[in-house]
1. Mind listing whichever residues of the stretch A:1-16 are among the hydrophobic types (A, V, I, L, M, F, W, C), in contact (Cβ under 8 Å) with a residue 60 or more places away in the chain and more than 7 Å from every other protein chain (Cβ to nearest Cβ)?
2. Across the stretch A:22-42, what is the number of residues that are touching a helix residue (DSSP H, G or I) at 6+ places or on another chain (Cβ under 7 Å), more than 8 Å from chain B (Cβ to nearest Cβ) and assigned to a loop (DSSP other than H, G, I, E, B)?
3. Under 8 Å between Cβ atoms, which residue pairs at least 6 apart in sequence (or on different chains) link something in the stretch A:112-124 that is facing chain B (nearest Cβ under 10 Å) and surrounded by fewer than 19 Cβ atoms within 10 Å (Cβ to Cβ) with a partner that is polar (S, T, N, Q) and assigned to a strand (DSSP E or B)?
4. Tell me which of these A:L91 doesn't satisfy, since it passes every other one: (1) more than 17 Å from the chain's Cα centre (by Cα); (2) not in a helix (DSSP H, G or I).
5. Identify the residue in the stretch B:148-162 that is among the polar types (S, T, N, Q) and either in contact (Cβ under 8 Å) with a residue 24 or more places away in the chain or part of a helix (DSSP H, G or I) (or both) and, among all such residues, is surrounded by the fewest Cβ atoms within 10 Å (Cβ to Cβ).
6. Go through B:W51, B:W76 for me and flag whichever is touching a helix residue (DSSP H, G or I) at 6+ places or on another chain (Cβ under 9 Å), within 7 Å of chain A (Cβ to nearest Cβ) and surrounded by 13 or more Cβ atoms within 10 Å (Cβ to Cβ).
7. Of all residues in the stretch A:43-73, how many are among the basic types (K, R) and assigned to a loop (DSSP other than H, G, I, E, B)?
8. Just to be sure before I move on: is A:T53 within 26 Å of B:S100 (Cβ to Cβ) and more than 9 Å from every other protein chain (Cβ to nearest Cβ) in the structure I sent?
Amino acid sequence: MSNDNINLRGLTFLIADQNSYFSSICNSILRGFGATKVIEVHDANEAIKALTTYKIDLLLCDAKLPPTSGMHFTRSIRWDKECEFRTLPILIMTSDTRSTMIANARDCGANMVVVKPVSPSSLYDRLAWIAFNARMFVDSAKYFGPNRRFKIEGYPNGVGRRKGDNTADIGEVTGPALSQDDIDNLLKTARNG
Amino acid sequence: MSHGTLNKAREFFVDSRFQKMARRPGGMPREQALKNANENVDAFKPEFTAWLDDRLNELFDAIPNPEAVEFDKLEWIDAADIHSQQLADVAATMDYQFVSFVANNLCMIFEALKRGAEHNGTIITCHVDALRLARQQQYRGMRPEDLPELSDGLRRVLNSPSLQPKVDDNDRSRER
């Protein structure tokens with residue numbers, strides 16, 4: 001990314017999380033980034049009211065948002081053909097990092113997942129990633145949302161590869177590489193058990 | 001771009017207002033934004049211990065005594081799960097990383113109980129004791145890796161056979 005500074009002035013954020021203390025912290029983090037309008041709601045019904053009342057630019061939604069779940073709520077937004085905010089950027093926030101959870105968030109049409117507890121750097125980097133990395137939307141019989149097979153051309157700080165990760169040292173070549181026949185034989189042996 | 005049919009996916013480009021606005025020049029430099037955000041988070045810290053004590057007390061009150069009849073019922077789990085979730089979501093941001101770790105473990109235990117795992121008093125009690133320990137000032141700032149024996153012990157508990165569902169959904173459908 002050539003420029004990872006984001007300008008949040010004038011944007012309206014909606015935080016949907018039943019934990020009001022968490023929402024307050026999240027709100028203060030966004031304001032630290034320069035956001036000027038942040039709305040907090042505590043369940044999906046309040047979230048729908050806020051979405052229809054205000055011009056929300058980005059939704060931060062808890063995975064366990066009552067009464068059903070953040071994924072269910074996200075899916076309901078994405079699947080409603082009449083919904084004017086159907087393509088709204090949505091970040092799912094969860095403390096459950098199991099692959100099934102991440103896959104669920106992706107499949108319901110979320111743009112990205114933020115792991116709780118949220119740190120300022122992780123939130124900033126995900127917002128920057130959404131801002132600077134355009135993704136096509138897919139409308140199919142079974143899915144509506146950002147393309148799930150997107151290519152990451154260099155991670156922003158904190159997404160996937162961590163900022164503190166060291167580059168790997170690759171040793172000098174000490175012998176000839178395997179020929180295709182060698183590789184085929186290895187795979188054949190592995191397949192045959 | 002072509003319009004989709006029932007069987008064909010349609011792809012289209014979306015440049016949302018968020019994306020357009022966020023890319024405008026004149027944004028705050030990242031380091032400054034993080035500094036401001038961290039200062040805002042720090043402003044919560046003086047009052048956090050009171051919030052933490054309240055949530056912990058609510059959690060402890062929600063969990064029945066393992067000897068009591070209520071312990072084997074499901075009614076108390078939702079409330080206890082909400083309190084643990086709140087602790088897990090917030091404590092690490094406020095420098096109580098170990099509280100978040102233990103509370104997150106508890107959430108997974110409650111989830112297992114909801115799925116039909118055995119109500120094991122020892123497992124819950126050892127997590128409650130770990131939370132009482134983690135709440136103390138001297139454990140503030142400690143991460144699970146700073147307390148390897150305790151953390152590994154709690155992780156092992158999560159894999160205990162007693163937390164596995166007694167009968168899985170496939171077995172139930174076969175029984176029907």
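1. Start the filter on the stretch A:1-16 by keeping residues that are among the hydrophobic types (A, V, I, L, M, F, W, C), which leaves A:1, A:6, A:8, A:11, A:13-16.
Okay, now just the ones that are also in contact (Cβ under 8 Å) with a residue 60 or more places away in the chain, so A:1, A:6, A:8.
Matches in the stretch A:1-16: A:M1 only.
2. First, pick out the residues of the stretch A:22-42 that are touching a helix residue (DSSP H, G or I) at 6+ places or on another chain (Cβ under 7 Å): A:22, A:25, A:28-29, A:31-34, A:38-42.
Checking which are more than 8 Å from chain B (Cβ to nearest Cβ) leaves us with A:38-42.
Those still in the list that are assigned to a loop (DSSP other than H, G, I, E, B) too: A:42.
Adding up the residues that qualify gives 1.
3. Taking only residues 6 or more apart or on different chains, not a single pair turns up.
4. Result: A:L91 fails condition (1) only.
5. Taking the stretch B:148-162 and keeping what is among the polar types (S, T, N, Q), we get B:151, B:159-160, B:162.
This time we only want the ones that are either in contact (Cβ under 8 Å) with a residue 24 or more places away in the chain or part of a helix (DSSP H, G or I) (or both), so: B:151, B:160, B:162.
Details: B:S151: 19, B:S160: 15, B:S162: 13.
The residue in question is B:S162.
6. Details: B:W76 fails: within 7 Å of chain A (Cβ to nearest Cβ).
None of the others qualify; the one that does is B:W51.
7. Taking the stretch A:43-73 as the starting set, the residues that turn out to be among the basic types (K, R) are A:49, A:55, A:64.
With assigned to a loop (DSSP other than H, G, I, E, B) added as a condition, the list becomes A:55, A:64.
Of the residues in the stretch A:43-73, 2 are among the basic types (K, R) and assigned to a loop (DSSP other than H, G, I, E, B).
8. Values: within 26 Å of B:S100 (Cβ to Cβ): no; more than 9 Å from every other protein chain (Cβ to nearest Cβ): yes.
Answer is no for this residue.
FYI, it's all coordinate maths here, none of it is from the lab. Computed from a prediction, not measured in an experiment: that's the story for all the values here. Every residue, glycine among them, receives a Cβ derived from its backbone with ideal geometry; neighbour counts consider all protein chains shown.
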